[in-house]
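The values are calculated or read from the model by the stated rules, or taken from the named source; none is laboratory data. Since we're looking at a predicted model, the values are computed, not measured. All Cβ positions, glycine included, derive from the backbone under ideal geometry; neighbour counts span all protein chains shown. The accessibility values were calculated without ligands, DNA or RNA, using every heavy atom of the protein model including side chains. Shrake-Rupley method; radii C 1.70, N 1.55, O 1.52, S 1.80 Å.
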Amino acid sequence: NNPASLVPAYTMLNGRLTWQSADGDWKVSLAVTNLTDKFYYQNKTRLPIGLVIGTPGAPREWSLTVRRAF
């Protein structure tokens, strides 16, 4: 309950676009997490010696997935 370890509220913007062929054999997806590349902490802790440590959230990440059905 220490104000130094307070993590303010944040909003994440993630997205995913998928294209599928007419016959359903191919599927291509593009996904992005933390689209705005916002810096945030997942958590913070105040140590007894007065030091505050925290775990930063992941930066913007993207992925491309290609699938083929046989």
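For this structure, a couple of remarks:
- Surface analysis of the chain yields an accessible area of 82 Å² per residue, using protein heavy atoms and a 1.4 Å probe.
- Our compactness index for the chain, the C-alpha radius of gyration over the empirical 2.2 N^0.38 Å, is 1.75.
- Computed on the chain, with alpha-carbon pairs under 8 angstrom and 6+ residues apart, the relative contact order is 35 percent.
- With every protein chain in place, the chain: carbon and sulfur % of accessible area (1.4 Å): 58
- In the range 12-70, a dipole from Cβ-located charges (positive for Lys and Arg, negative for Asp and Glu) runs towards its positive end, and of 29, 56, 69 it is 56 whose Cα lies farthest in that direction.
- Charge dipole of the chain (Cα centre as origin; +1 on each Lys and Arg Cβ, -1 on each Asp and Glu Cβ, all else neutral): 160 debye, rounded to the nearest 20.
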